[in-house]
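Here is the structure we will look at.
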Amino acid sequence: MGELKDADAVGETGNPVCGDISYIYIKVKEVDGVEIIDDISFQTFGCGAAIATSSMITELAKGMSLDDAMKIKREDVAEALSGLPPQKMHCSNLAADGLHNAIKIYREKREA
Amino acid sequence: MNSSEYVYLDYAATTPMDPQVIDVVEKHFKNTYGNPSSLHSAGQKAAKVLYNARTSIASLINADRKDIIFTSSGTEADNIAIQGVAHKNKDRGNHIITSSIEHHAVENPCKFLMKQGFDVTFLPVDKFGLVDPIKLQEEITNETILISIMFANNEIGTIEPINDIGEIAKDNDVIFHTDAVQAFGKIPIDVKELNIDLLSASAHKIYGPKGVGMLYMKNQGIRQNWGKYIDPIMFGGGHERNMRPSTENVPGIAGFGKAAEICEEELPIEINRQIKLRDRLIKTTLDSIDDSYLNGHPKKRLPNNANFGFKYVEGESILLDLDSGKIAASTGSACSSASLEPSHVLSAIGLTPQDAHGSLRVSIGRFTTEEEIDYFLEKIPPIIERLREISPVRK
């Protein structure tokens, strides 16, 4: 929770009209030739569901390989929270998109 | 403050029933089973209960007893007023003027009428939520048949210039309806002095039961006047001056009457007590939390309403944290509804969507104590602080 000072990448996502803005910070390290998420944190401006999905995705993704983390879907986040009401499903999008954006940015940085 | 207690600061949403009201409702549930339309003694006993309740409610707004009709809710009263006037007067004109900060119970009937060919003007409001009477005057045309502007706003508590609006409506021979659900019983209302033709109110906002409301209809008491300027929207028996068919909710109405009686008795003392509590609540909250502000007018506001804006945080999160701390409040954010748009009221007073989402309504009432306000004031700063720590939009 909060800003990760020495993050390798930050994934931003959100929609200020519906009130949600989320930053997902990741720190990556290589273990046996596989890039894994060593540390992860979030900052979220949003309702209870938006904060809960952001928090849950950091729990889910920590220690995962980047390839596996890219496969986390919004349904996975919602399921890990034992479900979300239909009108709050977009909140889990926010979390998954934030993580995927962070990974994409990290990969673009590495290739650059 | 006993930590096992729950601090209820959402009186604008609904109120707990006054114990005296519960006694009255219970008594009539048990004993007054007759149909008020029946000629036998059991029926006439029930009719007497309605008579007394009508008298108490009329007295609270200086209306004639016979001009009060009972409905199932404030929402129903709004619907009868707006749709009823529109249909009755459609040959005279098709223009309705309302404000951009009305409750949905007024806004949505107006939008429905637009689909049927009526022309509706939604008057803008200033940053405090006030309608400008000059603008109202400018919008009136030969086609204008109805002005519907709320007495006081449910979210930000702003009290509209009803005196000026009533005068303009009268001068221009336009019917004036006001949704007074939030103001009724909380501040003095005189329908005659204010030139109000139609006024909606609800029992559950004044410590009465849910499922009971009323519509004041000027000059509808005498049979010859029935339906002169308004049509019913529901059809059935001849109950409630032919305006609202169906057997009356006698125990509920009795409770509404008792609730109105208590309000009238306590009004002078309660207004001052609540204004004092409200102003301390507002001042201390704004003093103790940076980047916070008050929504609505500082003075022209309901005695029981405070609406705060806290920058960089979202209202629903505040609400849930307060609830964990055993405090009930409300938010202007519509995120819990199917639409994710921020409150139309906060948007109308000029707040950005992000700021509109960071609002918190704290509404107090008859049972609110100094200790409860202290408890809220102690709990709120760390909640805002924590949410700001995890907020990416903090400056």
For region B:337-350, the count of residues that are away from chain A (no Cβ under 12 Å) and either free of Cβ contacts under 8 Å to residues at least 24 places away in the same chain or touching a Ser or Thr at 6+ places or on another chain (Cβ under 9 Å) (or both) equals 4
**OP:** Kindly establish whether residue A:65 is within 14 Å of chain B (Cβ to nearest Cβ) and out of contact with any Ser or Thr (no Cβ under 7 Å at 6 or more places or on another chain).
**Re:** no
The residue that is nearest to residue B:301 (Cα to Cα), considering only those in region B:153-167 that are among the charged types (D, E, K, R) and in a loop (DSSP other than H, G, I, E, B), is B:160
Looking at this structure, is residue B:228 modelled with pLDDT of 95 or more and either in the same structural domain as residue B:173 (by TED's automatic domain parsing) or within 14 Å of the chain's Cα centre (by Cα) (or both)? no
Scanning region B:355-391 residue by residue, those at the interface with chain A (Cβ under 9 Å from one of its Cβ atoms) and either under 22 Å from the mean Cα position of the chain (by Cα) or surrounded by 18 or more Cβ atoms within 10 Å (Cβ to Cβ) (or both) turn out to be B:356, B:357, B:358, B:387, B:390, B:391
In region B:359-389, anything part of a loop (DSSP other than H, G, I, E, B), within 19 Å of residue B:323 (Cβ to Cβ) and either among the β-branched types (Val, Ile, Thr) or touching a helix residue (DSSP H, G or I) at 6+ places or on another chain (Cβ under 7 Å) (or both) is listed as B:364, B:368
- Item | Boolean, residue B:193 is in the same structural domain as residue B:148 (by TED's automatic domain parsing), assigned to a loop (DSSP other than H, G, I, E, B) and under 16 Å from residue B:70 (Cβ atoms) | no
Region B:276-358: helices (runs of 4 or more DSSP H) wholly inside it with 1 or more residues that are touching a Lys or Arg at 6+ places or on another chain (Cβ under 8 Å) and at pLDDT below 95 are B:315-324, B:353-356
Among strands (runs of 3 or more DSSP E) completely within region B:90-152, the ones holding 2 or more residues that are closer than 14 Å to residue B:166 by Cα and in the same structural domain as residue B:179 (by TED's automatic domain parsing) are B:95-99, B:144-148
Could we say that residue A:83 is more than 13 Å from the chain's Cα centre (by Cα) and on the phi > 0 side of the Ramachandran plot here?
yes
Answer yes if at least one residue in region A:37-55 is surrounded by fewer than 18 Cβ atoms within 10 Å (Cβ to Cβ) and more than 23 Å from residue B:314 (Cα to Cα), and no otherwise.
yes
Selection over region B:36-81 where residues are within 20 Å of residue B:232 (Cα to Cα), among the β-branched types (Val, Ile, Thr) and part of a helix (DSSP H, G or I) yields a count of 2
Of the residues in region A:17-47 that are out of contact with any Ser or Thr (no Cβ under 8 Å at 6 or more places or on another chain) and at the interface with chain B (Cβ under 8 Å from one of its Cβ atoms), the one that is modelled with the highest pLDDT is A:18
Checked region B:260-272 for anything crowded, with 18+ Cβ neighbours inside 10 Å and in contact with a Pro (Cβ under 8 Å, 6 or more places away or on another chain); matches are B:270
Residue B:134 over 29 Å from residue B:258 (Cα atoms), among the hydrophobic types (A, V, I, L, M, F, W, C) and out of contact with any strand residue (DSSP E or B) (no Cβ under 6 Å at 6 or more places or on another chain) | yes
Hey, any hits in region B:14-26 for a residue that's part of a loop (DSSP other than H, G, I, E, B), over 30 Å from residue B:363 (Cα atoms) and of a type outside the set (Lys, Arg)? no
Has region B:320-335 got any residue that is farther than 18 Å from residue B:11 by Cα, without any contact (Cβ under 8 Å) to a residue 60 or more places away in the chain, within 10 Å of chain A (Cβ to nearest Cβ) and surrounded by fewer than 24 Cβ atoms within 10 Å (Cβ to Cβ)? yes
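The values are calculated or read from the model by the stated rules, or taken from the named source; none is laboratory data. Here the structure is a predicted model, which means the values were calculated and not measured. Note that we place each Cβ from the backbone using ideal geometry, even for glycine, and neighbour counts take in every protein chain shown.
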